[in-house]
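Take a look at the structure set out below.
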Amino acid sequence: MYWQKELETMEDARIRRLQLKRLRETVRAASRSTFYRERFQQLGLSPEDICTLDSLRKLPFTTKNDLRQAYPFGFLAVPKGRVVRMHASTGTTGRSTVVFYTRADLDQWTDLVARCMVMTGARQGDVFQNMTGYGLFTGGLGFHYAAERLGIFTIPIGSGNTRRQIHMMREFETTVIHCIPSFALYMVHSLHAMGIDPRRDLPLRIAFLGAEPHSEHVRRKVEELYGVDAFNSYGLSEMYGPGVAFECPAKDGMHLWEDAYLPEIVDPGTGEPVEDGAKGELVLTSLGREAMPLLRYRTGDLTAFCTGECGCGRRHRRIRRIIGRADDMFIIKGVNIFPTQVEEALLGMEEVGNNYQIILKRKDYTDIMTVTVEVQERFFRGDPQEREQLRRRMAKRLREELLVTPDIELLKPGALESTGGKAVRVVDKRDIYEGGISDT
Ligand code: DLL
């Protein structure tokens, strides 16, 4: 039932027709919210003016700041009595952004996530351990209802508590897991401490990894350590949650469900569309959503459209692995750096463990970047010279990749903790005074 072959392999022209029909409905629905009603009035536009896919560009972008300003109900496009659920984004700064769902929205969302799960081969007979947070975070409930809809035995364990996770996996013979990639790597220490080799002792076969940027190295590591097929899962609360884009077995980009989302990729500076295949910021318009339609929402996520057809036969366009968020980027000594670049450079090294963190400080007007990184235990037992040589090799690799030379601090395996939530990759302490006269 959930391999929706006709829809997923639909020809381009038919997808565009379906999108246009849904876009017109969506614009009309959106104009019932206070935010968009006012916006349309200010622009002197009526929903009927959006009559082609291209004419959507007449509308300005919607930003996270707009969502914050309109908190709590400014984007609600149906009477409050029709809302059956809300979630909130995990933003750590400012007001959180809330999202609302009608019954039909939950139905569409569940359908999208179920479609993703089926695409990877998960099916009835699997045991699914859902290891991300339940509650306001969308990861838990988003996958939960989809798995139940597919008739899959679901363990709603939530995030954290690695030992309990492992006991459950063993006792209930879990075959499919869903977790944040940094947590999958962190859990390896508990597995070792408990004398469990997941490849030998657990019947795992599939992992869904999402909710935070991660490199191809991390995917491969998880696949090797657990003996699973790992699939990249992308989504954001503002667009329901998970289920926006997902990898198929070809693992060459993530199919973005174009019957539910209208994607654009724009230059984050100018807002103009980039050439097909070029990197830029993903902008999404929801299609078919009732409670909270969003038009041209700036996700902040940097990616590119994949070109060419996918070997799996699905026609919905694919986006590349997310490079990072425009606001994850930090500038050090004038050089723009994304945490995923550090990850790409380091996690490909055989000596490196499973976790890292970047700490930024400022001393005497100079930015100092320290990369703390877990490495194999043996470097703490043997000759300190070896540790020093490893540090130098890492510094060289990072200099080649980033064009700046960071300090490197080596840590024992498991030293950087994870609670199962999104990893904090960058700790910026540059506004803390550490000698000299701080200019911030
Ligand atoms: O993280 C929804 C989700 C839950 C996705 C479970 C996948 C799995 P938010 O908390 O609103 O929602 O955070 C959304 O997380 O804009 C991206 O910056 C980042 N993100 C999500 N998935 C990926 C991914 C959920 N696969 C924000 N790769 C997004 C890179 C991701 N970044």
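The values are calculated or read from the model by the stated rules, or taken from the named source; none is laboratory data. Quick caveat, the model's predicted, so the values are computed rather than measured. No Cβ is skipped: glycine too gets one built from the backbone with ideal geometry, and neighbour counts run over all protein chains shown. Just the protein is used for accessible areas: all its heavy atoms, side chains included, with ligands, DNA and RNA removed. Shrake-Rupley method; radii C 1.70, N 1.55, O 1.52, S 1.80 Å.
Results, tabulated for the structure shown:
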{"item": "Rounded tilt (10° steps) of 384-402 against the dominant C-alpha axis of the chain", "result": "30 degrees"}
{"item": "Peptides ranked, highest mean first, by Cβ atoms within 10 Å: ranges 349-355, 284-290", "result": "284-290, 349-355"}
{"item": "Computed P(r) (all Cα pairs; region 1-82; 5 Å bins; percent)", "result": "3, 13, 19, 20, 16, 12, 11, 6, 1, 0"}
{"item": "Whole-Å distance, taken between Cα centres, linking region 1-29 and region 128-150", "result": "25 Å"}
{"item": "Percent accessible area from carbon and sulfur atoms, region 155-240, protein chains only, probe 1.4 Å", "result": "46 percent"}
{"item": "Unmatched cysteines, the chain - criterion: no other Cβ of a Cys under 4.7 angstrom", "result": "Cys51, Cys116, Cys179, Cys306, Cys310"}
{"item": "Simple Cβ-charge dipole of the chain, Lys/Arg +1 and Asp/Glu -1, about Cα centre, in debye nearest 20", "result": "840 debye"}
{"item": "Degrees, to the nearest 10: 181-193 long Cα axis against longest axis of the chain", "result": "40 degrees"}
{"item": "Accessible carbon and sulfur surface of region 304-440 relative to its total accessible area, %, 1.4 Å", "result": "47 percent"}
{"item": "Dipole moment magnitude, nearest 20 debye, region 23-174 about Cα centre, only Lys, Arg, Asp, Glu C-beta charged", "result": "400 debye"}
{"item": "Lys pairs, region 321-440 - Cα-Cα below 14 angstrom, 8 or more residues apart or on other chains", "result": "4"}
{"item": "Extension reserve of the Ala415-Phe172 stretch, reckoned as 0.36 nm per residue once the Cα distance is removed", "result": "84.5 nm"}
{"item": "Extent along principal axes [Cα atoms of the chain; Å; largest to smallest]", "result": "72, 59, 42"}
{"item": "Distant-in-sequence amide H partners of Asp367 (H built 1.01 Å from N, under 5 Å)", "result": "Lys333"}
{"item": "Residue-normalised accessible area of the chain, expressed per residue, 1.4 Å probe, Å²", "result": "44 Å²"}
{"item": "Heavy-atom accessible area ranking, 1.4 Å probe, most first, across Lys251, Lys363", "result": "Lys363, Lys251"}
{"item": "Between 0 and 90°, nearest 10: helix 103-119 axis offset from the chain longest Cα axis", "result": "50 degrees"}
